[in-house]
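Visitor: Have a look at this one before I ask anything.
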Amino acid sequence: MEFAASLRRHVDCPPQQVAPGSLRAVLEAALSAAPALAHYVFDDQRCVRKHVAVFVNQTLVLDRQHLTQTLTANDRVLVIQALTGG
């Protein structure tokens, strides 16, 4: 589990090994090491914010609300700040 530098500049959270489970459980476990970072990742409904992208094994997660995808110990999760502009 890793948070990109664009998020870590707000709150330091080094890459982590967390127990397998649902994507939500994995995110929550990783954020427990840096609770202040949760505000940057989740909105007030505990959905992934629109400006944040979550990748599992380099595949973008499209469901920002339920996060029920089951992860194994070999899966790699990357959370980045999704930036747009011209």
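The values are calculated or read from the model by the stated rules, or taken from the named source; none is laboratory data. Not measured: the values here are computed from a predicted model. Here the Cβ is made from the backbone with ideal geometry for all residues, glycine too, and neighbour counts use every protein chain on show. Just so you know, the surface numbers come from the protein's heavy atoms only, side chains and all, with ligands and any DNA or RNA stripped out. Shrake-Rupley method; radii C 1.70, N 1.55, O 1.52, S 1.80 Å.
Visitor: Quick test for you: out of A53, A33, A38, A29, pick the one residue that is hydrophobic (A, V, I, L, M, F, W, C), over 17 Å from Q81 (Cα atoms) and within 11 Å of the chain's Cα centre (by Cα).
Guide: A29
Visitor: Out of the residues in the stretch 51-71 that are touching a residue at least 40 places away in the same chain (Cβ under 8 Å) and either open to solvent by less than 80 Å² (accessible area, probe 1.4 Å) or in contact with a helix residue (DSSP H, G or I) (Cβ under 6 Å, 6 or more places away or on another chain) (or both), state the one that is farthest from R24 (Cα to Cα).
Guide: V52
Visitor: Right, here's the next one. Give the residues of the stretch 1-15 that are open to solvent by 70 Å² or more (accessible area, probe 1.4 Å), under 13 Å from the mean Cα position of the chain (by Cα) and within 17 Å of H51 (Cβ to Cβ), sorted by residue number.
Guide: Correct list: R8 only.
Visitor: Okay, next question. Take the residues in the stretch 41-50 that are open to solvent by 40 Å² or more (accessible area, probe 1.4 Å) and modelled with pLDDT of 95 or more, then tell me which one is nearest to the chain's Cα centre (by Cα).
Guide: R49
Visitor: Taking helices (runs of 4 or more DSSP H) that do not extend beyond the chain, which have at least 3 residues that are of a type in the set (F, W, Y) and on the phi > 0 side of the Ramachandran plot?
Guide: Helices (runs of 4 or more DSSP H) meeting the threshold: none at all.
Visitor: With free of Cβ contacts under 8 Å to residues at least 12 places away in the same chain and charged (D, E, K, R) as the only criterion, which of R76, R9, R24 stands out? It would help to see each step written out before you state the result.
Guide: Details: R76 fails: free of Cβ contacts under 8 Å to residues at least 12 places away in the same chain; R24 fails: free of Cβ contacts under 8 Å to residues at least 12 places away in the same chain.
After ruling out the rest, the residue left standing is R9.
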